[in-house]
Structures are given as C-alpha cells and as structure tokens.
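Below is one structure, written out as structure tokens; comments come after it.
Quick note: the coordinates plus some simple rules give every number you see, no bench work behind them. Predicted model only: the values in this text are computed from it and were never measured. Positions of Cβ are generated from backbone atoms using ideal geometry, with glycine treated the same way; all protein chains shown enter the neighbour counts.
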Amino acid sequence: MNKTAITAAQILPVLADRWSPRSYDTNHEVTSHELLSILEAARWAPSANNSQPWRFSVLKRGDALHTAVAAEGLSGFNQAWAPNASVLIVVSIKTLTADGKENHSAPYDAGLAVANLVTQAHELGLHAHQIGGFIPEAIKSILELDEDLRPIVVVAVGKVAPAEQLEGPAYEREIQPRTRFELDEIVLHGKP
Ligand SMILES: Cc1cc2nc3c(=O)[nH]c(=O)nc-3n(C[C@H](O)[C@H](O)[C@H](O)COP(=O)(O)O)c2cc1C
C-alpha cells in the first residue's frame, strides 16, 4: 500500500508521505514526549498579529472525556474508527480578539497550527487524521469550553494498524492511492 504523493518536483519527504488513516492500533499509547512535540509544533505556527487563537484539548483513549467525546461528539462514520486512535485532540479557536471583535483570521491560523501538528506527528512515526464531522455543541458542553471558544476540528493521532482491521467501504478507502487535482487545475495564473 503506497501512500506517497506523486509530485512534479521533490517536496519534503514528511509532506509527501503524510496521510490520514482510519485503521489505528487500539493498544498503542502516545508518550508525553510525543504529545509535547506535536503541541510545540502547533504552538510555533504563525498567526495574524501573533494572536495564536488556537486552544487544544488532548483526550487520551480510556479517559472519561475521551469516552464522552467518542460516544456523543463525533458524527456518523467517524464514531466507528476515530476512538481507536490513541488520542483525540479537539482544536478550538478563540472567536474574539482582545478588544472583543470577531477574529476573522482565527480559522486560518488554527489550520496552520493543525498542519504543523499533523506533520510533526508523521515525522515522529505517528499518524494523524483530521475530522470535521463532529457535533460542536456536544463537544463544547462535554469540555465545558468558554463561550468565546469554538471547536473547529478534531484530530485523531495514533499508530497506524493494518488496513484489514477495517471492513467494507472503510477498508476500500484505506487502501486507495491518495489523489489530488493536477496543478493545471489549481494554479490559475503563472504555472511554472
Ligand atoms: C478540515 C478537515 C476535515 C475532515 N473531516 C473528515 C471527517 O470528518 N472524516 C474523515 O474520515 N476524514 C476527514 N478528513 C480527512 C480528509 O478526507 C483527508 O485529509 C483527505 O481525503 C486527503 O487525504 P490524506 O490526508 O490522506 O492526504 C478531513 C480533513 C480535513 C482537513
């Protein structure tokens, strides 16, 4: 099963090799050092005005908050696979700036932090899978998040397991090669 990106020019190996599995080792535990490393990678992302509007809730498999989010916070198909990962990291954004105005760049900034986080996870030999299919109100309530915090994504992080652990369409998706639009389709002006 080759998941490495096919690219027209060389890119960083970690960027080419990173992918989002759904089959996770249910016995694996992420170490404190690994968690520190991926959170530091996120922390050092750039943000507009250095506002750093991201907040992280690290829920380890087996902990009460993990159990609650796994049971009530994930939508549909995500409930079947994501709780098997070693941790679920809920990423929330501060929706307001220091002077109480809406922080329009917060989602963009948080995306940069999560990109760092998932890339660092892969560099450590772990895998990460971002999840937009979650129930924000349920997660907000379970984690007792402040009013101005909005959960923006959940990231499953853990050790990848054989695809055969999955069944049906999930298995089929797991073994597919990764695809992207061609550069011709996404570079509107100035394609090299
Ligand atoms: C913001 C965001 C939300 C996503 N939501 C889900 C989701 O709810 N369930 C899921 O299985 N995958 C989800 N994904 C994973 C994408 O489907 C995946 O990243 C994409 O197909 C590219 O595959 P790759 O990461 O292996 O390159 C999400 C990814 C992102 C960035």
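Computed 3J(HN,Hα) for the stretch 150-166, one whole-Hz value per residue from the Karplus formula 6.51 cos²θ - 1.76 cosθ + 1.60 where θ = phi - 60°, is 10, x, 10, 6, 10, 10, 8, 10, x, 9, 5, 10, x, 4, 4, 5, 8, glycine and proline marked x. The stretch 108-150 and the stretch 29-83 have Cα centres separated by 5 Å. A protection proxy built from the mean count of other Cβ atoms within 10 Å ranks the segments 119-131, 178-190, most packed first, as 119-131, 178-190. To make sure I understand the rule: partners must be lysines, Cα under 24 Å from the Cα of Lys60, and not fewer than 8 residues away in the same chain. Which ones qualify? The qualifying lysines are Lys94, Lys140, Lys159.
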